[in-house]
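Chemist: Take this structure, written in structure tokens, and hold onto it; I'll ask about it next.
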Amino acid sequence: MAKERLDKLLAHEGFGSRKDIRKILRKYEVLVNGSRTYDPATQIDPDTDTISVDGEEVNLHQHVYLMMNKPQHVVSSNKDGEHQTVFDLLDDSFRTPYLQDKLHLVGRLDMDTEGLLLFTTDGELTHRLISPKNHINKTYLCCLEHPETPDHQQEITAQFAEGIEVGPDDNDPPFTTEPAQIKWIDASTAHLTIYEGKYHQVKRMFIAVGNKIAFLKRISMGRLELDPDLKPGEYKELYDDDLEKLNN
Ligand code: URA
């Protein structure tokens, strides 16, 4: 594993800014592999070195969990020759070699979809959330191109509740969706909750009932809701209370 500067690692572990860390190094006993260090540039291998601050061992591999309000026109992947990616929106403290290796997305949103996107280093959580067996619910705000009459809304509600056959998309074959719930907000706006995440699923569901998505935004996963204070492109770290909401 590539080495990293001590101050960058400690900043990432929540010890403050690099300036704060220079103060900590002067004031407190910071040990690297048992030896006192004052040098913020000390090179650390997070896989083999140990650090303690004032007698407390620092866990260098605490998992990171981030919630982003993904903006439109940005790709949900870590590499794209052409477009800006969601990883490009993270600040430098999330670009350490360790995080570049381990931080990944929990599922994806289409380029033109906005809303709740999770990043984590925790592979177990990712596996649990994207496994089709677990049926984690995802709710989307759906703005439709064409307003629906109350009668057709009722029909759509019933078809989605039953499971609907959607057509092929790119190389993805047709399939029948699992039962899904829709809550109509007005003639052309609804909240749709699905329990799977197939390719272009929401868009294909509305095409199957003769409409089209004009704007799509994921607003929750499990009981975890997109923080309304996050503007598109902004993100925040999540902690235990938030993660608890991702349990079924
Ligand atoms: N369904 C879609 O069609 N697109 C998304 O981005 C997410 C769900």
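Chemist: Would you check if Glu148 is over 30 Å from Leu230 (Cα atoms), away from the ligand (no atom under 15 Å from the Cβ), crowded, with 18+ Cβ neighbours inside 10 Å and not basic (Lys, Arg)?
Modeler: Here the answer is yes, as Glu148 does meet what is asked.
Chemist: Here's something else I'd like to know. Residues in the range 211-248 that are farther than 27 Å from Phe94 by Cα and within 16 Å of the ligand (Cβ to nearest atom): how many?
Modeler: Looking only at that region, the number is 6.
Chemist: Does Ile207 satisfy the criteria of being near the ligand (Cβ under 10 Å from one of its atoms), on the phi < 0 side of the Ramachandran plot, modelled with pLDDT of 95 or more and surrounded by fewer than 17 Cβ atoms within 10 Å (Cβ to Cβ)? Talk me through it step by step, then tell me what you get.
Modeler: Values: near the ligand (Cβ under 10 Å from one of its atoms): yes; on the phi < 0 side of the Ramachandran plot: yes; modelled with pLDDT of 95 or more: yes; surrounded by fewer than 17 Cβ atoms within 10 Å (Cβ to Cβ): yes.
Yes.
Chemist: A further question on this structure: Return only the number of the condition from (1) closer than 19 Å to Met221 by Cβ; (2) buried (at least 17 other Cβ atoms within 10 Å of the Cβ); (3) of a type in the set (A, V, I, L, M, F, W, C) that Phe87 does not satisfy.
Modeler: (1)
Chemist: Return yes when Lys203 is basic (Lys, Arg), under 30 Å from Phe119 (Cβ atoms) and in a strand (DSSP E or B) and no when it is not.
Modeler: On the way: basic (Lys, Arg): yes; under 30 Å from Phe119 (Cβ atoms): yes; in a strand (DSSP E or B): no.
Here the answer is no, as Lys203 does not meet what is asked.
Chemist: Condition test on Leu31, is it surrounded by 15 or more Cβ atoms within 10 Å (Cβ to Cβ), hydrophobic (A, V, I, L, M, F, W, C), at pLDDT 95 or above and not assigned by TED's automatic domain parsing to the domain that holds Pro97?
Modeler: yes
Chemist: Out of the residues in the range 49-71 meeting the condition of being farther than 18 Å from Lys102 by Cα and in contact (Cβ under 8 Å) with a residue 60 or more places away in the chain, tell me which one is surrounded by the most Cβ atoms within 10 Å (Cβ to Cβ).
Modeler: Going through the qualifying residues, I end up with Lys70.
Chemist: Any idea how many residues of the range 177-208 are polar (S, T, N, Q) and out of contact with any helix residue (DSSP H, G or I) (no Cβ under 9 Å at 6 or more places or on another chain)?
Modeler: Here the count works out to 4.
Chemist: Checking Lys183 against (1) in a strand (DSSP E or B); (2) within 16 Å of the ligand (Cβ to nearest atom); (3) more than 29 Å from His61 (Cβ to Cβ), which test does it fail?
Modeler: Exception for Lys183: condition (2).
The values are calculated or read from the model by the stated rules, or taken from the named source; none is laboratory data. Everything quoted here is computed from the prediction, not taken from an experiment. Here the Cβ is made from the backbone with ideal geometry for all residues, glycine too, and neighbour counts use every protein chain on show.
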